[in-house]
Amino acid sequence: MFRPLLLIGLLSTAAAATAQTAPAMTPAQENAQANAVLPPEQAAMKAHVMFLASDEMRGREAGSPEYDIAANYVASQFYSAGLRPMGTDGSYLQTVPLVSYKAAGQGSFVLSRSGAQPLAFGTDYVPSPNPASAATDITAPVVFVGYGIDAPSEGRNDYAGVDVKGKIVAFFGGAPAALNGEIRAHLGSPATKAAMAAAKGAVGVIQLESPVTAKVRPFARLADSYDHSRMTWANADGTGHLSAPGTPALGTLSLAGAEKLFAGARTPWATVVALADDDAARFKAEQLPGTMTVKLQTEIKPVTSYNVAGLLEGSDPKLKSETVVLTAHLDHVGVGKAVNGDTIYNGAMDNAVGIASLIEEAKRFKASGTAPKRSILFLAVTAEEKGLVGADYFANNPTIPKDRLVANVNLDMPIITYKFDDVIAFGAARSTLGPIVERAAQKLGVTFSPDPMPEQGLFVRSDHYRFVQQGIPSVFLWPGTAGPGKAAVDAFFASHYHQPSDEIVQGPPINWESGARFIEANYMIAREIADAPQRPAWNKGDFFGTLYEGYGAK
């Protein structure tokens, strides 16, 4: 466990550590860098990215020694910015107990009707590991519930007419395309579906392959990666946290496996699978014949990582008790498959640039000489790449009383390879944060654009979503895609996203002037939120605000 005394020692050696761990360069690269004199804020941003995305950081995978070094580097920068430690035991580092888990063996799925019918691993099924238990053994009837969605506000109840208490629920992956993109992404999440099944008393869930999902991710690919490690945070008893305790995901059945599951059902599998090819189809829920026995073994390993938290206390006697949380994830995906001989996934844009923006935004507040009215928590989170895990841990175990957290602004992979003409705030239309972001953009001299890809459901795919699930109004900020933006964003996703080429030397050229403008945009947005006379509120009747009982939604 990191203690304040150790951290002080690290702070005093931060500059030396930066020099010692900087990546080696060729003479030509060193000359080019020496000649590239940048204004102070651009140079500061670049320096952070050079350190965090160096080869020596080995991709900053959560739980690795290199991630821990990166966390202490960010802590030293928070100290330099004058932030108050808000981690564990008086330090900047919040200890995050993690659980790394994976399938230990192929498990078994056996149908029982007139006799026992074992399903075949890799052909009929692949198992899912259960972080809550090393051994899982469930025998129960199986109930098919279509997409497995119960959302009255969207006019859907796939559980109509069936009782699933004490039973296993089977559903197709995804959600109908006719739903709103953000709502569709939420309702289509396996975690959301498991929580719905748990609320109705189910003892486990199984996902069924469909003709649609088979085209996107063939079943054979699932079988190839079934025993890869996953991660969640640990409960107090050391077991892995599940969104639906007591209702674990048991595995996935292929089209062939599902056909065996439906043998003898009132609705033939051929009818069901034909309907599944129609996105607008509605399925009739029904209990399938016999029972299924699922036995799984899971290898569980404790891992420790850290969020980094620093507080800028507000100046207003009344408003300073309200806290605006600014987040960016510090981790990346580590070391992996070689691409052109390179195995280190440096994560310069994803998300060293976001962390650099967070650090320099904190320093911008300090340099302004005027404290915000509300308090601001600067939070660098771990294990985002493992499923928003570090943010989820903080949102459930905050180092500030939860009722004091009034807004979240998240920075994740801002692509700054071009001069942006607009800014985007995913989720802005759902709360009073939208008009605040728009005003700040106008002051910066850029336009405010709506979500350019609502079908992607990005509002539920980054760390701010964990704050949404606690009822806190949140937005995810990005440079916009107007002008040259779309081509630049498309090029990054096509060639560099989660690739070793996302690095500062060999990667796409970074426009540090745009980086400084992005810092300015972040600062102005945070200042507007922190100084506004009214606390941020959900729009009345908003789907997420209502679902999670957020301020202003009802």
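The values are calculated or read from the model by the stated rules, or taken from the named source; none is laboratory data. The shown structure was predicted, so the numbers you read here are calculated from the model rather than taken from an experiment. Neighbour counts run over all protein chains shown; Cβ positions are idealised from the backbone, glycine included.
Here are a few things to note about the model shown:
- Per this entry, residue 521 is not counted among residues that are at pLDDT 95 or above, assigned by TED's automatic domain parsing to the domain that holds residue 352 and of a type in the set (A, V, I, L, M, F, W, C).
- Breaking point among (1) in contact with a Phe, Trp or Tyr (Cβ under 7 Å, 6 or more places away or on another chain); (2) not assigned by TED's automatic domain parsing to the domain that holds residue 378, for residue 331: (2)
- Within the range 194-216, considering residues that are more than 23 Å from residue 133 (Cβ to Cβ) and not hydrophobic (A, V, I, L, M, F, W, C), the one surrounded by the fewest Cβ atoms within 10 Å (Cβ to Cβ): 215
- Positions within the range 375-429 being of a type in the set (Lys, Arg) and either crowded, with 24+ Cβ neighbours inside 10 Å or under 17 Å from residue 463 (Cα atoms) (or both), in sequence order: 386, 402
- From 260, 295, residue being more than 33 Å from the chain's Cα centre (by Cα) and either assigned to a strand (DSSP E or B) or crowded, with 17+ Cβ neighbours inside 10 Å (or both): 260
- Taken over the range 481-535, residues that are among the charged types (D, E, K, R), free of Cβ contacts under 8 Å to residues at least 60 places away in the same chain and under 20 Å from residue 428 (Cβ atoms) amount to 1.
- Test: residue in the range 339-358 that is in a strand (DSSP E or B) and either outside the structural domain of residue 526 (by TED's automatic domain parsing) or in contact with a helix residue (DSSP H, G or I) (Cβ under 6 Å, 6 or more places away or on another chain) (or both): yes
- Members of the range 512-532 found to be hydrophobic (A, V, I, L, M, F, W, C) and part of a helix (DSSP H, G or I), listed by number: 512, 516, 518, 519, 521, 524, 525, 526, 529, 530
- Scanning the range 419-450 for residues that are part of a loop (DSSP other than H, G, I, E, B) and either over 16 Å from residue 487 (Cα atoms) or over 25 Å from the mean Cα position of the chain (by Cα) (or both) yields 419, 421, 427, 432, 445, 446, 450.
- Output for the range 324-338, where each listed residue is in a loop (DSSP other than H, G, I, E, B) and among the hydrophobic types (A, V, I, L, M, F, W, C): 330, 333
- Residues being of a type in the set (A, V, I, L, M, F, W, C), within 20 Å of residue 481 (Cβ to Cβ) and in contact (Cβ under 8 Å) with a residue 40 or more places away in the chain are entirely absent from the range 537-551.
- Filtered residues of the range 457-489 (kept if touching a helix residue (DSSP H, G or I) at 6+ places or on another chain (Cβ under 9 Å), in a helix (DSSP H, G or I) and not hydroxyl-bearing (Ser, Thr, Tyr)): 458, 459, 460, 464, 466, 467, 468
- Residue satisfying all of: in the range 280-298; over 23 Å from residue 115 (Cβ atoms) and of a type in the set (Lys, Arg); modelled with the highest pLDDT among these: 284
- Tally of residues being surrounded by fewer than 24 Cβ atoms within 10 Å (Cβ to Cβ) and either over 20 Å from residue 407 (Cβ atoms) or without any contact (Cβ under 8 Å) to a residue 40 or more places away in the chain (or both) across the range 349-367: 3
- The C-beta contact set for the range 142-168 (first residue crowded, with 22+ Cβ neighbours inside 10 Å, second residue assigned to a loop (DSSP other than H, G, I, E, B) and aromatic (Phe, Trp, Tyr), distance under 7 angstrom, 6+ apart or interchain) comprises 145/159; 146/283; 158/147; 158/283.
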